[in-house]
Amino acid sequence: MIVAARSADADALAAIHVTGFERGWDVAEFERLLADRAVLGHLARPGGRGVPNGFALSRIVLDEAELLTVAVLPSARGAGLARAILTLHFGRLAGRGARTVFLEVAEDNAPALKLYHRFGFAEIGRRAGYYKRPGRTPATAIVMRRPLG
Ligand SMILES: CC(C)(COP(=O)(O)OP(=O)(O)OC[C@H]1O[C@@H](n2cnc3c(N)ncnc32)[C@H](O)[C@@H]1OP(=O)(O)O)[C@@H](O)C(=O)NCCC(=O)NCCS
């Protein structure tokens, strides 16, 4: 079951996020984002209750949305969950007046790139050295865009 994320879900979103990124966002960061009226989040709750296992979060400015993050718990990956969350999430963004969605993704993040290509995102630019990584060469960000609705 995929539902809107609320401030009370900050803990759960931080717990999922840290499994997917080298620099996980903390609970306070998610509380701040979820309290922002321009930010829209959706999470998946298996069976409609229990611990969420995936979510997506976007910020809307006028008619443009930015996908801030999407993540699924490792144990739930590869089963179409991100696709289901983003399908509903993009529909809600369009319902809030967004006509285009943008995102940034590391050029070596193959699962995410495949997911976004499946949704019809197209590359519109690159930012060299965008993702700093301790002890490693910074990764290039690919900027992507997709029309909504
Ligand atoms: C990217 C992520 C959200 C995908 O979640 P998921 O629930 O496993 O994705 P889905 O099962 O819905 O897969 C959707 C498509 O993505 C692709 N995909 C998913 N996992 C993949 C993998 N490990 N390798 C290659 N492609 C993959 C597939 O093309 C899949 O569609 P298809 O199999 O029908 O062709 C998940 O891997 C994750 O949380 N990663 C860490 C966080 C992250 O990188 N987020 C994106 C940052 S920009």
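Quick notes on this structure:
- Taken per residue, the accessible surface of the chain reaches 55 Å², heavy atoms only and a 1.4 Å probe.
- Using only alpha-carbon positions in the range 2-147, the gyration tensor eigenvalues give semi-axes of 22, 19, 16 Å once each is multiplied by 5 and square-rooted (largest first).
- Between Arg118 and Val51, the distance separating the two model label sites (each 7 Å from Cα on the Cα→Cβ line) works out to 2.4 nm.
- For the peptides 52-63, 133-144, 89-100, the ranking by mean Cβ contacts within 10 Å, running from highest to lowest, is 52-63, 89-100, 133-144.
- Euclidean distance between Cα centres, the range 44-81 to the range 82-149, Å: 13
- Across the accessible surface of the chain, with the other protein chains kept in place and a 1.4 Å probe, carbon and sulfur atoms take up 52 percent.
- Per-residue ³J(HN,Hα) for the range 102-113, Karplus 6.51 cos²θ - 1.76 cosθ + 1.60, θ = phi - 60°, Hz, x for Gly and Pro: 10, 7, 10, 9, 5, 5, 9, 8, 4, x, 5, 4
- Between amide H atoms placed 1.01 Å from N, distances below 5 Å from Leu68 occur with Leu57, Ser58, Arg59, all of them 5 or more places distant or on a separate chain.
- Residues in the range 49-76 reached by a label modelled at Arg99 [backbone nitrogen below 17 Å; 7 Å Cα→Cβ]: 60-66
- Full extension of the segment from Ala84 to Ala38, taken as 0.36 nm per residue of separation minus the current Cα-Cα distance, would add 14.3 nm.
- Length-normalised contact order for the chain - Cα pairs under 8 Å, 6+ apart - percent: 18
- The share of alpha-carbon pairs in the range 86-149 lying farther apart than 14 Å comes to 60%.
- Cβ-Cβ FRET estimate between Asp108 and Val61, R0 fixed at 25 Å, reported to 0.05: 0.30
- Integer Hz, Karplus 6.51/-1.76/1.60 couplings in order for the range 85-95, x for Gly and Pro: 5, 5, 4, 5, 4, 5, x, 5, 4, 4, x
The values are calculated or read from the model by the stated rules, or taken from the named source; none is laboratory data. Only a predicted model underlies this, so the values are computations on that prediction, with no experimental measurement involved. Here the Cβ is made from the backbone with ideal geometry for all residues, glycine too, and neighbour counts use every protein chain on show. Side chains included, ligands, DNA and RNA excluded: accessible areas come from the protein's heavy atoms. Shrake-Rupley method; radii C 1.70, N 1.55, O 1.52, S 1.80 Å.
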